[in-house]
Amino acid sequence: MLPTTSSALLRRVAVEQADSRAPSLIAAVVRGGETLWTGARGRVDGARPSADTQYRIGSITKTFVAVLVLRLRDEGRLDLNDPLDKHVPGTSLGHLTVAQLLAHTGGLTSESPGAWWERAEGADWQALAGSLTDGALRHRAGARFHYSNVGYGVLGELVARLRGVTWLEALSAEVLEPLGLTRTTPHPRAPHALGWAVHPYADVLLNEPTPDSGAMAPAGQLWSTANDLARWTRFLAGDTGEVLHPDTVAEMREPAHVDDGDAWTAGYGLGLQAFRDSGRRLTGHGGSMPGFLASVVADPRTTTGALVLTNSTTGVGVMTVALDLLKLVDEYEPALPAEWLPMERADPTLMALTGPWYWGPTPYALHLMPNGWLNLRPVNGSGRASRFRPEPDGTWTGLDGYYSGETLRVIHRPDGTPAALDLATFIFTRTPYDPTAPVPGGVDDQGWHGGSPPLRNF
């Protein structure tokens, strides 16, 4: 990055580390397929932390577990609407769906019953399941967002049941190894930071414990590095390799529930947090465990992302810093739009679909995209718009907005030319209310005319 950009980024990190009295803090910025910048302050073992220094990442672990669950969904091993009892029978939570557990909308208690799980040695699945009595449900399922660490302990067991190995073994084989995340582990490996609590009224430290969380580990067990989380941030922005289809990650990013209604700024999707900040739609996750705080955030539109790691229990605004780093990069070095290149070839039958179409009297334009995708948008720029992905049966499936998931098909005339588009039963015609097209309810045989309509005899 330009020296002025690097200086501004480092200053933001330095101010946070000093003002928040963080023992150490490291941050990074990514864009496209590379890490553009890293910066660190403070000390780990007497030296400035590097991009290979491990920190505990807390609830960012949940994003990895969610990816494992969505892989199972994409393979047809489960449906997000499946009740838990279908795959993990015998619990008091059997009526909750997989999607509700992923999105924290099942009403499940936030923490596991018993001792403070983040500081206590964790028990096995049987002990956790046995502790989840009827009192573990705090809200009606689906009624509201209620963050639940317990829910991700349950999802870890779901993965283990369907894979026949532990969730950590599945994670290593299916996600960490393919993406090259060699320094993301369930337990620390040198070089790593120690977790500290900073005294509120004196500049002294207290070491925090880092026990194995047992069955609750899927909620926050993992350790990672700036290098590894930079690759994970790129993954969340859409650079998914062969681990998940980008459309699935986009599905994970969509908020299933929001915290603040119509003017929402924060919500939660399928294992990913959603943010609206300074006109941008962002995704990511925060993490905290005793002695550690972490955050990752990405802008899928520009592929710019930021991450922050620190070894302090509280008091460091890691998510705020990550958002500020994104703002600084956008201000100093905004992302360039993707370079436009023409398609190598276009199917003549698809070319025949391009151009103006009308939903009633409203003009739309259909644009042909690479790989047979279609883009249907109102000519005036406002209204229902969507991209459509081709399907093997000759139809298209909507990917955005109002028509997401809906089917678009072409209605042909006897001579094979396109007469109309059927989009979720709405008929689009080549001219406004084309009388030769199959418009439901028919088209007034008086046609278009000026002034008052003629009187009819009834």
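Values quoted throughout were computed directly from the atomic coordinates according to the rules given, and no laboratory measurement underlies them. As the structure is a prediction and not an experimental result, all values here were calculated from the model. Cβ: placed from backbone, ideal geometry, glycine included. Neighbour counts: every protein chain shown.
For PHE426 and MET1 in one chain, what is 0.36 nm times their gap in residues minus the Cα-Cα distance, to one decimal in nm?
Taking PHE426 through MET1 to full extension adds about 148.1 nm, to one decimal.
Under 15 Å from a label point set 7 Å out along the Cα-to-Cβ vector of SER92, the amide N atoms of region 127-154 belong to 127-141, 150-151. Of the peptides 146-157, 93-104, the ranking by mean beta-carbon count within 10 Å, highest at the top, reads 146-157, 93-104.
Taking every alpha-carbon pair in region 266-360 and binning the separations at 5 Å intervals from zero gives 3, 11, 17, 15, 11, 9, 8, 9, 7, 4, 3, 3, 0 percent.
Using every Cα-Cα pair within region 348-429, state what percent have a distance larger than 16 Å. Value for region 348-429: 47 percent of Cα pairs lie more than 16 Å apart.
Cα centroid separation, region 27-43 to region 128-161: 35 Å.
One equal scatterer on each Cα of region 88-185, no solvent, Debye formula: the resulting log10 I(q)/I(0) at q = 0.11 Å⁻¹ is -0.36.
Its residue count N sets the reference 2.2 N^0.38 Å, and the alpha-carbon radius of gyration of region 307-458 equals 1.57 times that reference.
Highest-first packing order for the peptide set 192-199, 13-20, 414-421 is 192-199, 13-20, 414-421, based on the mean count of other beta carbon atoms within 10 Å.
The length gained on full extension between ALA190 and ALA173, counted as 0.36 nm times the residue separation minus their Cα-Cα distance, comes to 3.9 nm. For region 14-154, the percent of C-alpha pairs falling in each 10 Å distance bin, counted from 0 to the bin holding the largest distance, reads 10, 30, 26, 21, 14, 0.
Placing unit charges on each Cβ (+1 for Lys and Arg, -1 for Asp and Glu) gives region 21-332 a dipole about its Cα centre, and among HIS146, PRO300, ALA127 the Cα reaching farthest toward its positive end belongs to PRO300.
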